[in-house]
Amino acid sequence: MRSETNNLEAFWMPFTANRQFKQKPRMLVAAEGMHYTTDDGRQILDGTAGLWCVNAGHKRPKIVEAIQKQAAELDYAPAFQMGHPKAFELASKLAAMAPQGMDHVFFTNSGSESVETALKIALAYHRARGDAGRTRLIGRERGYHGVNFGGISVGGIVANRKSFGTLLTGVDHMRHTHDPDRNAFTRGQPEHGAEFADDLERICALHDPSTIAAVIVEPMAGSTGVLMPPKGYLERLRAICDKHGILLIFDEVITGFGRLGSPFAADHFGVTPDLITTAKGLTNGVIPMGAVLAKKEIYDAFMTGPENMIELFHGYTYSGNPIACATALATLETYQEEGLLTRAAELDGYWADALHSLRDCPNVIDIRNMGLIGAIELSPIEGAPTKRAFQAFLDAYEQGLLIRTTGDTIALSPPLIIEKSHIDFLFDTLRNVLTNLD
Ligand code: PMP
């Protein structure tokens, strides 16, 4: 079943080496369960849940049916001054499964939009309370918060920032928490590094904390190298934020919906932020949708003016899109029925053992894991960073396995429906790839 597409020029592919790809394209034409099918009929085990999003696996009948039914019933409805039942139902379900006290939900269409929305809510929240001097935002080196201007401003990935001008002003970055000298080959949370949170105190001292609106971090930093939070780090950030009246935002676009073995990373780490950004697993990646979860006090701070006034001047044409809502509801039902939100915790031991068994493969300098996430860091080829890991990606694909690379790190995040036999195939294949890599 070769793809009919022979002109690849028009599509300017995102985050892709276009010229290289178009010489030797990798084309997926179907997917079911744990596997993709390529245009030359090969089965590829999905070791990455697409882009960390297809948590329930591919082509789930309940989700397919929900989309078809919704498209035939109410295809589109505006959410500005209008409503439709599924948006309210979904928001209630999300609030019920969110950490205690996060009772309100704002719908977006992606992780990037969730980030912009959360940053804007944080700024507007302080203003609504008469604290308009709080305008500074704090992010972290190596942080990924999507690709829009707010997100790349608070984000800390140099390549994503350097081509795009001056970005937002009034942004500072804490150091990232990666400390291979002390924490290499740790299983789960690293022992060392809680003190990196004290960077926030230093930034507070530098600017005066009463000028700081919010701090945003990924509880587990996925897109740059897969970095686990050191023990005590998130708790310390929370305490510093509380001390200074700063909002804490967890970007849970990857960690939301079961990736770490609980609905949200906030549950997993026992630290509740003020705002949570989500997307990806919310709809199993099938229809674009994101959401921001907000504490009741934040929502309430906006509900004080005249009742006929719009409280927050923000929203998207597709906020709460009916088909996206129907998809999300079917996805949450699937997670619930199949116990997928806790499955990563059940598989943790088997997954970690298999992952760490690659420790002795050539060029492996670190291995990290948490929930159904694995990272294998390779030593870079001198003068050609990222090349070795990317070659591993190409070789794995040839051998029927989809992995992802970020820099010199291989990132694994399979659908949560993964069986032990798939885990065996995944790591047998990867062992073979790494053993034969230059
Ligand atoms: N935040 C985090 C933590 C992410 O991992 C991502 C995507 N990988 C985003 C934001 C952006 O999401 P999207 O690509 O849906 O805009």
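The values are calculated or read from the model by the stated rules, or taken from the named source; none is laboratory data. Predicted, not measured: the structure shown is a model, and the values here were computed from it. Neighbour counts run over all protein chains shown; Cβ positions are idealised from the backbone, glycine included.
Here are the numbers:
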quantity	calculated
Breaking point among (1) part of a helix (DSSP H, G or I); (2) within 21 Å of G281 (Cβ to Cβ), for G143	(1)
Residues (out of contact with any Leu (no Cβ under 7 Å at 6 or more places or on another chain) and surrounded by 23 or more Cβ atoms within 10 Å (Cβ to Cβ)) located in the stretch 257-277	L260, F264, A265, A266, T277
Yes/no for A122 being touching a helix residue (DSSP H, G or I) at 6+ places or on another chain (Cβ under 9 Å) and in a loop (DSSP other than H, G, I, E, B)	no
Residue count, the stretch 286-304 (criterion: within 15 Å of the ligand (Cβ to nearest atom) and surrounded by fewer than 21 Cβ atoms within 10 Å (Cβ to Cβ))	1
Selection from the stretch 305-341 of residues that are β-branched (V, I, T), surrounded by fewer than 16 Cβ atoms within 10 Å (Cβ to Cβ) and either closer than 18 Å to M97 by Cβ or not assigned by TED's automatic domain parsing to the domain that holds A96 (or both)	none
Complete set of residues in the stretch 241-265 that are more than 11 Å from the ligand (Cβ to nearest atom) and closer than 19 Å to M174 by Cβ	C241, D242, K243, H244, G245, I246, L247, L248
Every pair of residues 6+ apart whose Cβ atoms lie under 9 Å, when the first sits in the stretch 89-112 and is without any contact (Cβ under 8 Å) to a residue 12 or more places away in the chain while the second is more than 16 Å from the ligand (Cβ to nearest atom) and assigned to a strand (DSSP E or B)	S92/V105
Counted residues, the stretch 116-131 - those being within 11 Å of the ligand (Cβ to nearest atom) and buried (at least 24 other Cβ atoms within 10 Å of the Cβ)	1
Failed item in (1) of a type outside the set (D, E); (2) surrounded by 15 or more Cβ atoms within 10 Å (Cβ to Cβ); (3) in contact with a strand residue (DSSP E or B) (Cβ under 7 Å, 6 or more places away or on another chain), with K280 passing the rest	(3)
Residue within the stretch 196-209 that is outside the structural domain of I365 (by TED's automatic domain parsing), more than 16 Å from the ligand (Cβ to nearest atom), among the charged types (D, E, K, R) and in contact with a Lys or Arg (Cβ under 8 Å, 6 or more places away or on another chain) present	yes
Of all residues making up the stretch 364-382, the number that are surrounded by fewer than 21 Cβ atoms within 10 Å (Cβ to Cβ) and not in a strand (DSSP E or B)	3
Inter-residue pairs, beta-carbon under 7 Å, first farther than 19 Å from I121 by Cβ and in the stretch 243-266, second among the hydroxyl-bearing types (S, T, Y) and more than 11 Å from the ligand (Cβ to nearest atom), 6+ apart	F257/Y335; G258/Y335; G261/T342; S262/T342
Residue check for S421: in the same structural domain as A31 (by TED's automatic domain parsing), among the polar types (S, T, N, Q) and touching a residue at least 40 places away in the same chain (Cβ under 8 Å)	no
Any pair with Cβ under 6 angstrom, 6 or more apart, that starts in the stretch 44-60 at a residue that is at positive phi and ends at one that is among the hydroxyl-bearing types (S, T, Y) and within 16 Å of the ligand (Cβ to nearest atom)	A49/S413; W52/S413
Matching residues in the stretch 85-101 - criterion: being crowded, with 19+ Cβ neighbours inside 10 Å and touching a helix residue (DSSP H, G or I) at 6+ places or on another chain (Cβ under 7 Å)	K86, A87, L90, P99
Residues being within 17 Å of H356 (Cβ to Cβ) and buried (at least 16 other Cβ atoms within 10 Å of the Cβ) - total across the stretch 419-432	5
Scope the stretch 349-399; condition free of Cβ contacts under 8 Å to residues at least 60 places away in the same chain and acidic (D, E); matching residues	D353, D360, E382, D395, E398
Failed condition for D198, given (1) farther than 24 Å from I121 by Cα; (2) part of a loop (DSSP other than H, G, I, E, B); (3) in contact with a helix residue (DSSP H, G or I) (Cβ under 8 Å, 6 or more places away or on another chain)	(2)
Unique match (being farther than 22 Å from V271 by Cα, away from the ligand (no atom under 16 Å from the Cβ) and in a helix (DSSP H, G or I)) among E113, E89	E89
Every pair of residues 6+ apart whose Cβ atoms lie under 6 Å, when the first sits in the stretch 331-346 and is under 10 Å from I417 (Cβ atoms) while the second is assigned to a helix (DSSP H, G or I) and at pLDDT 95 or above	T334/K62
Single unsatisfied condition, R134 versus (1) within 16 Å of the ligand (Cβ to nearest atom); (2) over 21 Å from the mean Cα position of the chain (by Cα)	(1)
